[in-house]
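Colleague: Below is a structure I'd like to ask you about.
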Amino acid sequence: MARILALDYGKVRTGIAVTDELQLIASGLTTVETKELIPFLEKYLKEESVERFVIGEPKQMDNTPSESEALIQDFLKNLIARFPAIPVERQDERFTSKLAFQSMLDSGLKKSKRRDKALVDEISATLILQAYLNRF
């Protein structure tokens, strides 16, 4: 089996998480600057087999798209054009940043680490991927 790769897409940074090859466990991979995301994915896909992308879908509480969805739509067009053989699915990402921060608190991370927005993005991507896996 191939991995599933999830993205918590942001204007500045994008958190990335992947499954193991059996698609059982979601793990944080890294956070990259969004402007470097496509080159990062190209390199990663040369080394690893990826079955699908899961992209976080930001929504308001009333289920309407958030403002950042327009940025994600532009990115999705580029992603699909670059990697047409890899299907893309969306996963509701409401509360993932808050849950990520709470998990950092619960795990006892020091305040300096909790301020690391890149780590929050990576954990958020992991939560998005785990929520996707839990759907099945």
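Colleague: For the stretch 60-95, which GluC sites (Glu not before Pro) are in a loop by DSSP, counting at most 15 other Cβ atoms within 10 Å?
Modeller: 67
Colleague: If we count other beta carbons within 10 Å of each Cβ, what is the order of 90, 135, 3, fewest first?
Modeller: Values: 90 17, 135 7, 3 20.
Fewest-to-most ranking of 90, 135, 3: 135, 90, 3.
Colleague: Now for a separate question. Between residue 134 and residue 2, what is the spin-label point distance in nm, taking each point 7 Å from the Cα along the Cα→C-beta axis?
Modeller: 2.7
Coordinate-derived values only; no laboratory data. All figures in this text were calculated on a predicted structure; none of them were measured in a lab. Using ideal geometry, Cβ is built from the backbone for each residue, glycine included, and neighbour counts are taken over all protein chains shown.
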